[in-house]
Structure formats: structure tokens, C-alpha cells
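Derivation of every value follows stated rules applied to the coordinates shown; laboratory data play no part. Nothing here was measured: the structure is a model prediction, and the numbers come from that model. FYI the Cβ positions are ideal-geometry reconstructions off the backbone, even for glycines, and counts take in every protein chain you see.
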Amino acid sequence: MRHLYLLPLALACATSAHALDDVTVALAIPPAVHDGAPFAAAEELGLFKAQGLAVNVVVFQGAGALLPQVASKRVTFGFPVAEPVISSYFNGKNPLPVRYFYNGVPSQTLEYAVLADSPIKTLADLKDKKIGVGALTWGTLPNSRAALKVAGLSPGENVEFVAVGALGAGFQALRSKQVDALNFNNSWDDMLGREVTRFSWDSRVRAMRQLLLPMS
């Protein structure tokens with residue numbers, strides 16, 4: 001799951017450093033070790049303060065909820081995945097007035113996880129099953145749907161995404177079998193350890209991401 005920092009176009013053109021003294025960073029998902037540690041370390045070590053920055057981190061329910069906050073300048077920076085911004089350039093849509101300027105997580109971390117005793121072993125086995133995601137506004141959903149289509153499934157027809165909440169709420173939904181699988185990033189699945197079996201996307205979907213993301 002590639003995350004890239006973005007900011008409003010008007011702010012990108014600003015020349016005054018004083019405008020960045022109070023900085024709000026918007027995240028699309030709750031921070032975990034792989035993406036939250038830099039913020040915690042910088043705050044604890046006084047690195048933000050040393051640069052004259054007062055940094056506030058806020059969390060939204062996915063890129064779909066985060067991006068309007070950046071576009072309307074309610075937050076300084078956003079840290080979503082790239083797909084929603086890319087898709088705004090297609091199908092006659094009005095492109096969002098934001099731009100990417102830094103690739104914060106330059107690798108794919110999204111995967112599927114099922115309980116260790118589940119008969120599900122591949123994406124194709126998810127036919128007629130429910131897949132848990134944090135929220136239906138997550139920016140990862142377009143590529144998650146694409147992965148299922150490559151596997152021969154039809155999202156919304158013979159496989160369903162269900163909002164179960166992030167981290168612990170999602171874990172409990174899987175354990176209680178409210179859903180058959182989770183579509184979380186690998187650092188979250190790490191917390192489940194041997195409780196789950198994990199499998200990633202088809203190589204063809206990963207190749208599509210490699211072709212599309214540099215365009216952002």
C-alpha cells in the first residue's frame with residue numbers, strides 16, 4: 001500500500017515558511033509501527049520543535065474522507081494512498097486540486113488474511129464470502145476490487161466488502177467470523193501472528209500498480 005504525502009496546490013506555491021509553523025498531518029488509517037513511529041519519535045525527541053513546527057496528527061476514515069480535507073485546506077498535509085487522486089483524472093471527473101510531493105511508503109503492504117483453519121487459500125476461494133475493511137471510504141478499495149476481478153470474482157455480486165473498523169475491531173470481526181477475511185496492511189496482520197494465514201495480490205495487479213503510481 002503506497003502512501004504519498006499531498007498538499008493543496010495553493011499551499012504548494014506558498015513561499016512563507018511561517019505558514020508551516022502549525023502543521024496538521026491527516027492520516028487515512030490509524031498509525032501502526034511502520035508508519036506511526038516516525039511521528040512519535042520526532043515528537044518525543046523534540047525534532048519538530050527544533051524546526052519550529054507544532055505538528056498535530058489526525059486520523060480520518062480512509063482516503064475518501066481525508067482528501068476533501070486537504071482540498072479545502074482544513075489540514076496542511078494528507079497521507080493517503082494514490083489511487084483516489086489518480087482515478088479523479090478518469091471518466092470525465094474533475095481532478096482533485098491537490099498534488100503529491102513525497103512517496104512515504106514506496107512499497108505494497110496490503111494483503112488478505114484469513115483464520116489459520118480457514119479453507120480459503122487463494123483470492124478465488126473468496127467467492128460468496130465477506131471481506132472486512134476498516135471503512136468503505138478506504139482508498140485501497142479500487143485496487144482490492146481489481147485484484148478480485150483478476151481472480152475471476154465480481155465484487156458486489158459474488159464477494160462483498162464489509163466495514164468492520166480498524167485494528168482490534170477488525171480482528172474481532174474475523175475471530176467471531178462476522179467476515180471471512182480481512183483486507184489490511186501487513187503490519188496490522190503481523191499483530192495476529194499465527195492466528196491467520198496471509199496471501200497477497202496476484203502479480204498482475206502488482207504490475208498494474210507499478211505502471212500507474214509513477215503517473216501521480
Exercise. Taking 0.36 nm per residue of separation and subtracting the Cα-Cα distance, what length does fully extending residue 136 through residue 43 add?
Worked result: 30.4 nm
Problem set entry | Whole-number percent relative contact order across segment 110-210, with pairs defined as alpha carbons under 8 Å at least 6 apart | 47
Problem set entry | Net charge of Cβ neighbours under 12 Å - reference residue 128; Lys, Arg +1; Asp, Glu -1 | -1
Seminar exercise, completed: Among beta bridges assigned by DSSP with both residues in segment 110-210, the antiparallel ones amount in percent, to the nearest 5, to 50
